[in-house]
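Worksheet: one structure, shown below.
The values are calculated or read from the model by the stated rules, or taken from the named source; none is laboratory data. The shown structure was predicted, so the numbers you read here are calculated from the model rather than taken from an experiment. All Cβ positions, even for glycine, are placed from backbone atoms using ideal geometry, and neighbour counts span all protein chains on display. Surface areas here come from the heavy atoms of the whole protein model, side chains and all, with no ligands, DNA or RNA. Shrake-Rupley method; radii C 1.70, N 1.55, O 1.52, S 1.80 Å.
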Amino acid sequence: MEQPLVVGVDGSDASLDAVDWAAGAAKRYDCPLRIVYASRWERYEGGLPNGSTEPSAERLMEERILGAAAERAARRAPGIKASTHLVPEDPTTALLAEARHATAVVVGHRGRGRLTSLLLGSVGLVVAGRARCPVVVVRGHPPLLHGPKHTLVLGIGEETTGAAAVAFALRAAEARKYEVEAVHAWRCGIGEAPGHHAPHSECRAEHEQRAQQLFDEALNAQLAGYPGVSVVRRTVEGAAGASLVMASDTADLLVVGARRRAGHAGLELGPVNHTVLHHARCPVAVVPER
């Protein structure tokens with residue numbers, strides 16, 4: 001059975017941006033779009049002895065939100081197979097359950113709760129950290145989400161970039177006809193060089209050589225399967241998170257990997273992932289590496 005692309009909605013502007021992004025992706029990948037609204041009220045309402053057969057105000061609101069999201073998706077990507085689902089559960093639990101059988105889960109960067117001033121909502125952060133499939137957090141100013149930048153940034157780290165993140169990035173670039181900008185950031189640590197006095201040029205040369213090795217290890221095995229995708233390799237001196245945020249300013253999508261760590265349930269996001277999820281200027285895809 002074809003796995004759907006799942007998008008979580010709650011009526012907020014950010015979730016509608018997520019619907020736009022997800023509808024376009026479902027069109028490109030020719031997969032079903034599953035629009036999910038999660039609410040515990042459905043569970044509570046079923047146990048209320050009010051005897052009324054009329055739908056509650058909460059139920060009517062939920063149906064309006066789902067209906068508006070479905071109409072928006074149809075306008076954004078005519079012809080896609082879209083369905084709406086009202087789940088009697090809290091949003092985090094519902095989306096993590098959906099992720100078990102999804103191509104990817106798409107969420108807005110913040111919801112419509114009290115803490116809308118946060119850089120990233122708690123639902124997006126938890127789902128990105130624990131889902132079994134890739135999670136796309138739609139960030140950036142709405143006019144820029146679908147702009148003609150035609151660049152996908154792929155973060156290449158020492159440990160966090162594996163085959164899954166690279167495959168996701170190359171497939172996305174192929175579907176969109178984008179160029180991939182593979183970015184590796186490095187910094188000379190204090191005491192890294194013998195005697196702590198080696199010239200900066202020596203430190204730079206060592207890190208540049210290591211970066212090329214990381215690029216080869218991460219990319220070469222899969223590039224043959226995507227002959228139409230152009231990949232530019234770029235090394236940057238600086239903090240990895242800040243460097244990727246800066247690169248996201250001229251990108252349509254930023255892809256980062258996230259590894260499972262022993263002793264933790266689900267994914268444990270590192271500092272680089274937290275930085276880009278909170279500050280990136282374009283949508284961010286967090287891809288679990290097993």
Exercise. Cys203 passes all but one of (1) open to solvent by less than 40 Å² (accessible area, probe 1.4 Å); (2) out of contact with any Cys (no Cβ under 9 Å at 6 or more places or on another chain); (3) among the hydrophobic types (A, V, I, L, M, F, W, C); which number fails?
Worked result: (2)
Seminar exercise, completed: Filter region 52-92 for residues that are of a type in the set (A, V, I, L, M, F, W, C) and open to solvent by 60 Å² or more (accessible area, probe 1.4 Å); the one that is farthest from the chain's Cα centre (by Cα) is Ala57
Exercise. Restricting to region 77-93, what's the tally of residues that are touching a Gly at 6+ places or on another chain (Cβ under 8 Å) and at pLDDT 95 or above?
Worked result: 2
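Looking at Leu118, Leu125, Leu152, which one is modelled with pLDDT under 95 and crowded, with 19+ Cβ neighbours inside 10 Å?
Values: Leu118 fails: crowded, with 19+ Cβ neighbours inside 10 Å; Leu152 fails: modelled with pLDDT under 95.
Answer to the selection: Leu125.
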For this session: Filter region 1-19 down to residues that are open to solvent by less than 20 Å² (accessible area, probe 1.4 Å), out of contact with any Gly (no Cβ under 6 Å at 6 or more places or on another chain) and under 24 Å from Glu174 (Cα atoms), then give me how many there are.
Result: 4
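Out of the residues in region 163-181 meeting the condition of being of a type in the set (D, E, K, R) and over 16 Å from Ala25 (Cα atoms), tell me which one is least open to solvent (accessible area, probe 1.4 Å).
Top of the filtered list is Glu181.
When you look at Gly228, is it open to solvent by 60 Å² or more (accessible area, probe 1.4 Å), within 25 Å of Arg176 (Cβ to Cβ) and in contact with a helix residue (DSSP H, G or I) (Cβ under 7 Å, 6 or more places away or on another chain), yes or no? Spell out how you get there, then give the answer.
Working: open to solvent by 60 Å² or more (accessible area, probe 1.4 Å): yes; within 25 Å of Arg176 (Cβ to Cβ): yes; in contact with a helix residue (DSSP H, G or I) (Cβ under 7 Å, 6 or more places away or on another chain): yes.
The answer is yes for Gly228.
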